[in-house]
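Here's the structure we're looking at; comments come further down.
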Amino acid sequence: MIKFLVLFGLVLFSLSLVMLRSLYSRNAVQWLPGYIESRRAAEMPASAPIHVMFCFVDHFEPQWKSNDPSTEAARVDRWCREYPQLASRFCDTDGCFPKHTFFYPEEEYREQHLEKLVALCAAGFGEIEVHLHHDNDTSEGLRQKLQRFTRVLRERHGALSLDPMTARPAWGFIHGNWSLDNSRADGRWCGVNDELRVLAECGCYADFTLPSAPSETQTSTVNSIYYAADDPVRPKSHDTGVPVRIAGSASGDLMIIQGILGFDWSSRKLGLIPRIENSDIREARPPSPFRIDRWVRLAPIVKGRPEWKFIKIHTHGAQEANEEVLLGESAARMYQYLEARYNDGRKFVLHYVSAREMFNIIKAAEAGQAGNPGDYRDYLLPPPAFAGQSRWSGRSSRSG
């Protein structure tokens with residue numbers, strides 16, 4: 001009996017070492033306490049229905065591993081051809097199709113690609129926002145890139161919202177290589193310690209980069225919507241912040257809208273070690289009912305409004321391997337499950353939203369608005385005009 005207990009203890013100790021090594025190798029130690037706290041402090045809705053805002057953001061990079069314009073064009077063309085065929089099969093409680101938000105890289109700008117995406121979005125299938133990869137940059141260099149690119153997107157393509165308070169382009173942001181606010185330890189892929197402040201000053205309404213796990217750039221704050229205050233001399237100022245809450249107001253410099261981060265116990269290495277759930281949809285991590293249910297359970301909220309859940313998932317949609325998942329039956333099954341499980345009108349109500357619409361609904365909740373969150377899609381920031389296109393709301397004729 002003693003030998004058995006000793007052996008059992010050694011096995012447990014060995015497994016603990018393996019688990020600890022795995023946590024360190026995936027940088028999970030830095031966000032594990034925040035994850036535990038987010039689970040502990042989660043607000044349970046007092047009554048039904050629970051409204052589920054579902055937002056799909058895309059690090060859309062047509063030049064991924066390619067310098068061939070024809071390859072880029074083929075990637076864009078496939079999305080413009082096949083996504084309407086997929087999305088038009090589904091609609092939410094408001095009668096809206098699923099919406100894909102294309103965060104297009106500044107350094108990959110080609111007018112012809114944007115013209116095609118604008119036509120797709122004007123037909124009601126998505127919106128366009130700002131993506132940027134940069135390295136060893138400066139505050140002024142970043143400012144010039146953002147101002148130049150957003151001016152082109154707005155004036156040439158009508159692809160960005162216009163803030164009615166400032167009459168300037170308003171846009172959401174995703175940082176390439178996950179390195180928002182110079183958050184890599186080696187300083188690569190950014191270089192700008194006051195990046196949050198520069199983004200806000202140039203018209204950014206919210207950042208959608210996170211989660212970035214297993215990257216070291218992941219914040220200790222997880223599963224949250226919050227305001228981050230920039231420390232202009234230190235990196236990673238968005239590691240913590242002030243949660244967005246009902247009857248609150250904007251604070252700090254920039255709103256951070258995170259996707260879901262946690263552990264996937266349905267997929268384990270060696271049958272023991274859970275994989276990281278980081279809201280990423282790709283070839284190796286297709287959507288599943290188990291993942292969708294976890295997204296709903298862990299979805300960020302506006303404090304004091306637990307019945308409004310904000311799900312943000314992400315992908316790299318211009319990569320051919322991922323296109324098979326995102327434009328095929330795997331995505332179709334995801335939308336089928338969302339509408340069957342989370343749009344019964346009694347327990348759950350589903351809303352497909354763009355990044356801009358998600359921000360607007362968050363701000364409406366912050367201001368104390370109630371009722372149908374779908375009514376607040378354009379609460380502060382209006383939809384983009386989409387130059388040269390007849391803009392359509394994206395509402396299905398099935399909505400009645």
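Go through the residues of segment 152-173 one by one and say whether even a single one is within 20 Å of the chain's Cα centre (by Cα), surrounded by fewer than 20 Cβ atoms within 10 Å (Cβ to Cβ) and not polar (S, T, N, Q). No: zero hits. Which of the residues that make up segment 135-151 are crowded, with 22+ Cβ neighbours inside 10 Å and over 25 Å from Ala119 (Cα atoms)? The answer is none; no residue qualifies. From the list Glu140, Glu129, Glu115, the lone residue that is farther than 18 Å from Phe386 by Cα and out of contact with any Cys (no Cβ under 7 Å at 6 or more places or on another chain) is Glu140. Tell me, please, whether a residue that is in contact with an Asp or Glu (Cβ under 8 Å, 6 or more places away or on another chain) and among the β-branched types (Val, Ile, Thr) can be found in segment 281-299. The answer is no; no qualifying residue exists. Here segment 45-97 is the region considered, the condition is being in contact with a Gly (Cβ under 6 Å, 6 or more places away or on another chain) and among the aromatic types (Phe, Trp, Tyr), and the residue that is nearest to Met358 (Cα to Cα) is Phe97. Among the numbered conditions (1) under 24 Å from the mean Cα position of the chain (by Cα); (2) at pLDDT below 95; (3) of a type outside the set (A, V, I, L, M); (4) in a helix (DSSP H, G or I), the only one that Glu43 does not meet is (4).
Condition check: surrounded by fewer than 24 Cβ atoms within 10 Å (Cβ to Cβ), of a type in the set (S, T, N, Q) and in a loop (DSSP other than H, G, I, E, B). Does Ser220 satisfy that? Spelling it out, Ser220 is indeed surrounded by fewer than 24 Cβ atoms within 10 Å (Cβ to Cβ), of a type in the set (S, T, N, Q) and in a loop (DSSP other than H, G, I, E, B).
Condition check ((1) aliphatic (A, V, I, L, M); (2) touching a Lys or Arg at 6+ places or on another chain (Cβ under 6 Å); (3) modelled with pLDDT under 95) across all residues:
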site	(1), (2), (3)
Pro33	no, no, yes
Ser47	no, no, yes
Arg75	no, no, no
Arg89	no, no, no
Pro105	no, no, no
Glu115	no, no, no
Val118	yes, no, no
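Tallying residues that are within 19 Å of the chain's Cα centre (by Cα) and among the hydrophobic types (A, V, I, L, M, F, W, C) within segment 223-238 yields 2. Among the residues of segment 47-84, those identified as among the hydrophobic types (A, V, I, L, M, F, W, C) and touching a strand residue (DSSP E or B) at 6+ places or on another chain (Cβ under 9 Å) are Ala48, Ile50, Val52, Met53, Phe54, Cys55, Phe56, Val57, Phe60, Trp79.
Among residues of segment 229-246 that are closer than 17 Å to Thr138 by Cβ, those with a beta-carbon under 8 Å from a residue that is assigned to a loop (DSSP other than H, G, I, E, B) and of a type in the set (Ser, Thr, Tyr) at least six positions away or on a different chain give the pairs Pro235/Ser183. For beta carbons closer than 7 Å, sequence separation of 6+ or different chains, a first residue in segment 322-343 that is among the acidic types (Asp, Glu) and a second that is at pLDDT 95 or above, the qualifying pairs are Glu323/Arg78; Glu323/Gly317; Glu324/Glu283; Glu339/Phe90; Glu339/Leu350.
The values are calculated or read from the model by the stated rules, or taken from the named source; none is laboratory data. It should be emphasised that the depicted structure is a prediction, and the values quoted were computed from it without experimental measurement. Quick reminder, even Gly has a Cβ in these numbers, built from the backbone with ideal geometry, and neighbours come from all protein chains shown.
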